[in-house]
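Rule-based calculations on the coordinates, nothing more; no lab input. Since the model is a prediction, treat every value here as computed from it, not as a measurement. Every residue, glycine as well, gets a Cβ built from its backbone with ideal geometry; the counts of neighbours run over all protein chains shown.
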Amino acid sequence: MKRLAAFCLFICFFICSQAKVVGDSALLLLYKTMLDKDSFMLEKELKIAEIKKMFETPNLRDEQRYDINLKLYNEYKTYISDSAIHYTKQNIEIAQKLNVPVWRNESQLDLASLYIIAGMYIESINLLETIEKKELPDWLLVRYYDCYKQLFNYYSSNNIYTKIYNEQSKKYRDSLLSILDKESNHYKIVLADKLNDELNLGEAEKILIHLLSQTKSDTHEKAVLSYALADIYI
């Protein structure tokens with residue numbers, strides 16, 4: 001938490017000092033996104049409380065519990081990772097109990113993603129290796145490639161074999177770009193990441209600023225865009 005606060009403080013000072021250099025509108029948009037944090041947290045807590053009330057439904061079936069857990073995972077995943085892990089593990093148990101492979105794969109990919117964010121790289125790769133790629137529908141194949149891309153990207157920054165793992169991350173990024181809808185925001189975000197790596201900073205910035213300006217509410221996507229934009233400026 002202290003590292004995050006320090007990073008945010010650094011960004012604030014950076015924005016104030018560099019606004020005229022890299023463009024007022026882009027940096028002010030990024031700064032405003034950071035200042036919206038308190039309202040975001042309040043809305044998040046209210047939404048989580050509303051979802052949890054669904055557990056009070058009489059005679060709740062496993063299928064309903066899975067759906068509620070999934071909603072809570074989506075709210076918690078960028079907010080309180082321990083809680084997201086808790087509900088995702090419950091969903092893996094439900095999927096196994098009901099013998100629904102697509103639910104099991106979905107929840108395992110959810111958990112692998114959370115492990116990556118938590119720095120639990122070994123646990124993540126062990127989990128990913130249990131997933132049969134050929135069983136995945138297209139929408140989960142996107143998640144599969146994305147998890148591996150993120151895994152090797154994060155792992156490379158904490159490993160002496162940085163170059164090797166960076167190349168692995170890029171390989172999965174290219175696989176991801178090959179199957180994503182080119183009109184989707186996800187595709188454009190991944191493309192901006194590739195352009196940033198290739199030092200085509202102007203094009204990457206243009207894509208991210210446009211997407212950020214079109215994102216009206218406080219969502220995970222808005223946070224991803226803000227972080228990616230900050231990465232270009234630092």
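Inter-label distance, residue 53 to residue 184: 3.3 nm, where each label sits 7 Å from its Cα along the C-beta direction.
Here the stretch 76-234 is treated as a sphere whose radius is the Kirkwood value from Cα pairs; by Stokes-Einstein at 10 °C and 1.306 mPa s it diffuses with a coefficient of 95 µm²/s. Summarising the label geometry, the points placed 7 Å from Cα in the beta-carbon direction at residue 102 and residue 206 lie 3.9 nm from one another. Along its three principal directions, the equivalent ellipsoid of the stretch 140-224 from the Cα gyration tensor extends over semi-axes of 23, 15, 13 Å, largest first. The string of couplings for the stretch 114-123 from the Karplus curve (6.51, -1.76, 1.60, θ = phi - 60°) is 5, 4, 4, 4, 7, x, 8, 5, 5, 4 Hz, one whole number per residue in order, with x for Gly and Pro. Its Kirkwood hydrodynamic radius, worked out from the mean inverse distance over all distinct Cα pairs, puts the stretch 83-147 at 11.7 Å. By definition, a body whose alpha carbon gyration tensor gives a ≥ b ≥ c is oblate when a/c is 1.5 or more and a/b is not larger than b/c, and the stretch 29-164 fits this oblate description.
Among the listed pairs 149/222; 133/171; 89/163; 182/222; 149/182; 53/97, those whose Cα-Cα separation exceeds 22 Å are 89/163; 53/97.
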